[in-house]
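So the structure is just underneath, and the comments pick up after that.
The values are calculated or read from the model by the stated rules, or taken from the named source; none is laboratory data. Because the structure is a prediction, the values reported are computed rather than measured. Backbone-built Cβ (ideal geometry, glycine too); neighbour counts: all protein chains shown. These accessible areas exclude ligands, DNA and RNA; they are computed on the full protein's heavy atoms, side chains included. Shrake-Rupley method; radii C 1.70, N 1.55, O 1.52, S 1.80 Å.
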Amino acid sequence: MGMTRKAFLEAATGTVFLMLQGCGGGGDGYSSSPSPPPPPPPPGPPPSTCGAGDAAITGNHGHALVIARADLDSMVDRSYSIVGTATHDHSVTFTPAQLQMLKAGQTVIVTSSTTNAHNHTVTASCA
């Protein structure tokens, strides 16, 4: 005589249960391999300024140049004060072509105005 449906389901359920118990591999049910590290954070926004300071200004005695990143798209010459912490001021002027060079990651060298019988060579860049 053949197996009844009820007998088959009871036998199958017991078999499935035994198979699932056999797959656990023992232990507490947690994997012993370490979790992968979290992904690195996304890069931050680009710096908001470009400019020069310290050794990027020859004969420097406190001068600093800051160029707003928004100025890099200027269609007219842009002039900047480089007073920094010095006791006097100089100015430097960049053409639209020079501002585009800075935007492209290139270095631009300009000469400051003359004040107190001296000027400075300013090497500007965007980090």
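Scanning region 74-122 for residues that are outside any loop (DSSP other than H, G, I, E, B), at pLDDT 95 or above and among the charged types (D, E, K, R) turns up just one, ARG78.
Tallying residues that are exposed (fewer than 13 other Cβ atoms within 10 Å of the Cβ) and either over 26 Å from the mean Cα position of the chain (by Cα) or of a type outside the set (Val, Ile, Thr) (or both) within region 92-127 yields 9. With respect to (1) touching a residue at least 40 places away in the same chain (Cβ under 8 Å); (2) open to solvent by 40 Å² or more (accessible area, probe 1.4 Å), the lone exception for ILE67 is condition (2).
Yes or no: region 73-90 includes at least one residue that is farther than 19 Å from GLY105 by Cα, among the acidic types (Asp, Glu) and surrounded by 10 or more Cβ atoms within 10 Å (Cβ to Cβ). Yes, some residue in region 73-90 is farther than 19 Å from GLY105 by Cα, among the acidic types (Asp, Glu) and surrounded by 10 or more Cβ atoms within 10 Å (Cβ to Cβ).
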